[in-house]
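First the structure, in the form of structure tokens, and then the observations on it.
The values are calculated or read from the model by the stated rules, or taken from the named source; none is laboratory data. Please read these numbers as outputs of a predicted model, since none were measured by experiment. Glycine gets a Cβ as well: all are built from the backbone with ideal geometry, and neighbour counts include every protein chain shown.
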Amino acid sequence: MEHENNIDNSPKTFLRNDALMRLEWNKITSYLAGFSIFPHSKKLLSNLEPWLDFEERDFYFTSTSEMLDLNTLGNGISLETFDFSLFENLLRRGAILSPQALFQILITLKLCHSIQNYFKNEKARTIKYPTLFQLACELKPQMDLLAKLNKSVDINGAILSSASPELYSARSRLENAKRKIVEHLEEILKKQDVRNSLQDNVWMLREGRYVLPVRSDRKTGIDGIPRGVSQSGSTVFIEPHALAMQHSNLEKAQSDVEIEENRILRELSKECYLVHEDILNSSEVLTKFDIISARTKFAGAIEGIRPRFLEPKEHNARFSLINAKHPLFLLEKKSCVANDLQLMPQRHDERSPKIWVLSGPNAGGKTVAMKTVGVTALMAKAGLFVSCEKAEILDYENIFVELGDRQNREEDLSTFSGHLSQLKKIAEEANELTLILLDEGFVGTDPAIGVAMARATLEYFSNKKATVIITTHFSNLKTLADGDHRFFNGSMEFEPHKLLPTYKLLNGIPGQSYAIELAERMGLNNEIIQKARGYYGNESQRMENILKDLQLKRIEVTEELKQQSNLTKKLEHELKSLHHEKEKLSELRNSLVENYRNKLQKRLNAFENRLEIRERQFEKQKESILRDLNDQSITNQITSNLEISTLENQNKETDKKIEKIDISNSKNQLKPKKLLGLDALSELKLPKKQYSESTIDYDSLDEKAAKFRAPKHMSSRALLDEARMSLNAMKNSFDDIEENLHDDLDTLQELEKSTKEKAKSAKQTAIETIAQGRPPEYWKPGMIVKSAKFREKGNVLKSADSKGNIECQFGIMKVKISYHELIPVNENQNSLKNESFSKTKLFSKQKQNSKTKKIQNLQDSEIPPTLQHSGNTINLRGNTVDESLDKLDIELDKMNRMHVDRVVIIHGHGMGKIKESVRKHLEESSYKLRFRSGRQGEGGDGVTIVAFDD
């Protein structure tokens, strides 16, 4: 938590507080406190001091980063204000709490419940935002106490009648007693003799008593007890004796109400005290959430980033603030020039300078630049985001400032002596982790002495390794950076031609004061200007001219660098575009290649499929040819046997072959082999010639049989020709198959067209059947009809139009409906039972089936109190019934998928139609849920609370 101011008169504390005052730290904390919600949070942030320890500072940096990310997504943590001070001390002592204090505790518990549900409903948040989730886990909602308080107290600090049945009964009796008194008074006022005695014909309530305003000269005309006199004395307020009994009942009812209210307060106070540690701890956690929220909003207002702290090493930068702006300029909506404020080594092998000498023209922005460094260091120490693009800084323990006029008449201090007194205190406390800001140091005395003392003091601070920023107009201090790595020059830019400051910081070069030029621009007498130039001296003037030329060249170089930077950005953008185009072309190429590969694969699959079909055809054809060859071979064998018997001695070799021939085995030898591919052509074997070629009549066989001669008797060339012929034959076969496929597709399209025409004709026939032959002219205005689309009966309003549509009224609805969908009520309905296309019968059957399948959801008054927020609310106000039910279905589905436990449906009161429709719809909903009407504090009967069941 933030530190409160402690009374400490030590020099270090004085210097710290003085630095806070001169750097306007109170304005920073005032803006920060303005972003908080809780009153006690505002007080803590207003008193915030920047000397937080590492753990607390890191906690706020981390939590602020997480909440910034949450707010960027547009669904941050919402907080409601409550006053911690109304119940803190009373709760610690166990005292009886007032209704206002109880309501503040109620808000506290509601916030605890809301924040825990915020993380519970979205489990990804628990991983992405661990610091905030861990903080939320420390909250204790106390749901039972929350439910009791929710029905017991309201925002106005009153005890609700729902707090207990006894209180409800007592208040009912009280109201009844008041009503009876008023009725009795009204009866009394109707009497003429009473009215003649009254100052005004009304009754009045005076100090809790019901009285009549009676004229003082006729007070004896009313039998009663005087309860006061008007200021003029002309009116006496008399309580009639006739109201004595009613007043007695009223007082008793009031007493009962007060007794019950006190009992409820004691009971609720006791229950709060039993868990008071959890309530107080939860209040502190909620305060942390509010402080984190304020820090987050503050960071957004100054466009801040998280700073990084550096180790105090010789080669490390003292600070490096890129595009830094003073936060007060941003918070006050003033224009501000961003600058790179850096005190760091110029090369990697050098030590970091410790003294930053800032020079330049008056009103050029030196002091603002120096204050920006100081305020940024304070904000980083306080765990606040800083207004930079990038921020690296030493973790300074102390920040001391010598700024402004230290003149003090009471302490007999001049400007210079006051300055020295402050420097004395700073020198005693300075160390390695001290940041010292000196504005126009050592002025108010002889310039030569001032320069000498300034140089000696700066070297002393450098030896103590302190970091110093000094603004000066002393020329001799500007030259200290030449050859001394401890010093570093910086200057504020000045436009020599326009004689105006640009407020841009130039690192590495000293700046001139431009005092004479400024005097000339402001219209000082020209004679004075010229004499001043002469007195200034040639050498000094030469030095000023050199600095002036240097600044002009710096401006030119800066402009050139700016142009080069713009050109580089343009080229980088074009290069990025080219890379993007290249990626798109590559994706397009890959897509085209993939599509082409898919097409080729499909064609290959189709070709393989056709090849398999052709192969099977080829196999069957081969078997057929082999069977023909086999039959021819048997015939030739029989003929050969006869010839062989006469030529046995002429050819012994032929006799051996003939004896081996077995007609029964010849079929097995010529059994066809399965052709698995084109390569199998070479394995196709026909029977060896056992006879002369002239004995076989090849011409009598089918012409295709000649292609199956034994391949081993054919040359390689002949085999290749044979393969080519087979491929050509297959190709032609594939073309035939494809052509047949297209023919089949055309046939299917014609068949589909014919089927549609038949279906259309059948539909028309069905319509005519349903209409039972009644033409559009049959239906006349005034006829009572029924339709499958509506439950109730209807009346015909207008005759059929040119399209056969008839205007009818069903209940409160006027619709146009086709003539064939109407059924007359006065005819025999039993005839429709046998109609195969009766839509009424089908509709009722579907309706009956749907009813049997539905599971009715029930109302449940035990659903816990529900805190309404944007994530669990469905607002149906302003919609029709149909629009409300449509929106209800969409939102319920969305919240069920988001695992929302309880839903608040706002439908209002109105005429009650939307409320009844919503609750009827919830009873028949397909979701497993429970619901109840809203309670006091939730919106009453104008809302419905829904709880999903797992």
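Residue under question is residue 323, and the condition is that it be not in a loop (DSSP other than H, G, I, E, B) and not assigned by TED's automatic domain parsing to the domain that holds residue 67; does it hold?
So residue 323 fits the description; yes.
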Query raised in the report: In the range 344-352, is there at least one residue being buried (at least 19 other Cβ atoms within 10 Å of the Cβ), over 32 Å from the mean Cα position of the chain (by Cα) and at pLDDT below 90?
Result: yes
### Message
Looking for something farther than 19 Å from residue 29 by Cα, hydroxyl-bearing (Ser, Thr, Tyr) and either surrounded by 24 or more Cβ atoms within 10 Å (Cβ to Cβ) or not assigned by TED's automatic domain parsing to the domain that holds residue 489 (or both) - is there at least one such residue anywhere in the range 355-377?
### Response
yes
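For (1) on the phi > 0 side of the Ramachandran plot; (2) surrounded by 20 or more Cβ atoms within 10 Å (Cβ to Cβ); (3) of a type outside the set (A, V, I, L, M); (4) within 32 Å of the chain's Cα centre (by Cα), each residue gets a yes or a no:
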{"site": "226", "(1), (2), (3), (4)": "no, no, yes, no"}
{"site": "238", "(1), (2), (3), (4)": "no, yes, no, no"}
{"site": "268", "(1), (2), (3), (4)": "no, yes, no, no"}
{"site": "274", "(1), (2), (3), (4)": "no, no, no, no"}
{"site": "282", "(1), (2), (3), (4)": "no, yes, yes, yes"}
{"site": "289", "(1), (2), (3), (4)": "no, yes, yes, yes"}
{"site": "301", "(1), (2), (3), (4)": "no, no, no, yes"}
{"site": "309", "(1), (2), (3), (4)": "no, no, yes, yes"}
{"site": "319", "(1), (2), (3), (4)": "no, yes, yes, no"}
| request: Considering every residue within the range 114-121, establish whether at least one is buried (at least 20 other Cβ atoms within 10 Å of the Cβ) and modelled with pLDDT of 90 or more. | output: yes
Only unsatisfied item for residue 399, checking (1) closer than 26 Å to residue 342 by Cα; (2) assigned to a helix (DSSP H, G or I); (3) modelled with pLDDT of 90 or more, is (2)
Residue 256 passes all but one of the listed conditions (1) farther than 30 Å from residue 94 by Cβ; (2) surrounded by fewer than 18 Cβ atoms within 10 Å (Cβ to Cβ); the exception is number (1)
| Does residue 206 fit the bill of being out of contact with any Lys or Arg (no Cβ under 7 Å at 6 or more places or on another chain), charged (D, E, K, R) and either buried (at least 18 other Cβ atoms within 10 Å of the Cβ) or over 30 Å from residue 862 (Cα atoms) (or both)? | no
- Task: Return a yes/no flag: does the range 299-307 have any residue that is at pLDDT below 95, closer than 30 Å to residue 462 by Cβ and outside the structural domain of residue 44 (by TED's automatic domain parsing).
- Result: no
Of (1) among the small types (Gly, Ala, Ser); (2) surrounded by fewer than 16 Cβ atoms within 10 Å (Cβ to Cβ); (3) part of a helix (DSSP H, G or I), residue 233 satisfies every one except (3)
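Just one of 371, 354 is closer than 15 Å to residue 23 by Cβ and not β-branched (Val, Ile, Thr); which is it? Spell out the reasoning first.
On the way: 354 fails: closer than 15 Å to residue 23 by Cβ.
Exactly one of 371, 354 is closer than 15 Å to residue 23 by Cβ and not β-branched (Val, Ile, Thr), namely 371.
Residue check: is residue 314 loosely packed, with under 14 Cβ neighbours inside 10 Å, over 30 Å from residue 89 (Cα atoms) and within 32 Å of the chain's Cα centre (by Cα)?
Values: loosely packed, with under 14 Cβ neighbours inside 10 Å: yes; over 30 Å from residue 89 (Cα atoms): yes; within 32 Å of the chain's Cα centre (by Cα): no.
The answer is no for residue 314.
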- Report yes if residue 85 is under 20 Å from residue 44 (Cα atoms) and surrounded by fewer than 22 Cβ atoms within 10 Å (Cβ to Cβ), otherwise no. yes
Of the residues in the range 343-377, those that are in contact with a strand residue (DSSP E or B) (Cβ under 8 Å, 6 or more places away or on another chain), polar (S, T, N, Q) and within 14 Å of residue 504 (Cα to Cα) come to 359, 367, 372
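Can you list the strands (runs of 3 or more DSSP E) found entirely within the range 808-920 that contain at least 3 residues being more than 16 Å from residue 786 (Cα to Cα) and at pLDDT 85 or above? So that I can check it myself, show each step before the final result.
Values: elements: 813-818, 822-824, 873-875, 902-906.
Filter on the range 808-920 gives 873-875, 902-906.
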Picking from 36, 10, the residue that is surrounded by 14 or more Cβ atoms within 10 Å (Cβ to Cβ) and either under 14 Å from residue 287 (Cα atoms) or polar (S, T, N, Q) (or both) would be 36
Residue within the range 64-73 that is of a type outside the set (Ser, Thr, Tyr), in a helix (DSSP H, G or I) and over 28 Å from the mean Cα position of the chain (by Cα) present: no
For the range 454-469 the number of residues that are farther than 17 Å from residue 398 by Cα, buried (at least 17 other Cβ atoms within 10 Å of the Cβ) and of a type in the set (A, V, I, L, M) is 2
Taking first residues from the range 512-534 that are among the aromatic types (Phe, Trp, Tyr) and second residues anywhere that are assigned to a loop (DSSP other than H, G, I, E, B), the pairs with Cβ under 6 Å that are 6 or more apart or on different chains are 514/361
Of those in the range 921-950 that are closer than 25 Å to residue 159 by Cα and among the hydroxyl-bearing types (Ser, Thr, Tyr), the residue modelled with the lowest pLDDT is 933
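If you take the residues of the range 910-920 that are surrounded by 12 or more Cβ atoms within 10 Å (Cβ to Cβ) and not basic (Lys, Arg), which of them is nearest to the chain's Cα centre (by Cα)?
At the first step, the residues of the range 910-920 found to be surrounded by 12 or more Cβ atoms within 10 Å (Cβ to Cβ) are 913-919.
Of the ones still in play, those that are also not basic (Lys, Arg) are 914, 916-918.
On the way: 914: 31, 916: 34, 917: 33, 918: 29 Å.
Ranking the candidates gives 918 first.
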Of those in the range 162-192 that are exposed (fewer than 14 other Cβ atoms within 10 Å of the Cβ) and not in a helix (DSSP H, G or I), the residue farthest from the chain's Cα centre (by Cα) is 191
Scanning the range 127-160 for residues that are surrounded by 19 or more Cβ atoms within 10 Å (Cβ to Cβ) and of a type in the set (Ser, Thr, Tyr), the one nearest to residue 293 (Cα to Cα) turns out to be 129
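Any residue that is in contact with a Leu (Cβ under 7 Å, 6 or more places away or on another chain) and small (Gly, Ala, Ser) - is there at least one of those in the range 180-197?
Step one: of the range 180-197, the residues in contact with a Leu (Cβ under 7 Å, 6 or more places away or on another chain) are 181, 184, 195.
Filter once more, keeping what is small (Gly, Ala, Ser): none.
No, the conditions are met nowhere in the range 180-197.
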Checked 452, 430, 466 against criteria (at pLDDT 85 or above, in contact with a Ser or Thr (Cβ under 8 Å, 6 or more places away or on another chain) and in the same structural domain as residue 363 (by TED's automatic domain parsing)); the one match is 466
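Considering each residue of the range 10-37, count those that are outside any loop (DSSP other than H, G, I, E, B) and within 19 Å of residue 330 (Cβ to Cβ), and give that number.
As a first pass, look at the range 10-37 and keep what is outside any loop (DSSP other than H, G, I, E, B): 11-22, 25-34.
If we keep only those that are within 19 Å of residue 330 (Cβ to Cβ) as well, we get 25-34.
Of the residues in that region, 10 qualify.
Would you check if residue 61 is over 19 Å from residue 327 (Cβ atoms), at pLDDT 90 or above, under 26 Å from the mean Cα position of the chain (by Cα) and not basic (Lys, Arg)?
Values: over 19 Å from residue 327 (Cβ atoms): no; at pLDDT 90 or above: yes; under 26 Å from the mean Cα position of the chain (by Cα): yes; not basic (Lys, Arg): yes.
So residue 61 fails the test.
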Checked 196, 201 against criteria (touching a helix residue (DSSP H, G or I) at 6+ places or on another chain (Cβ under 9 Å) and part of a helix (DSSP H, G or I)); the one match is 196
*Do we find that residue 209 is in the same structural domain as residue 181 (by TED's automatic domain parsing), over 19 Å from residue 184 (Cα atoms) and modelled with pLDDT of 80 or more in this structure?*
no
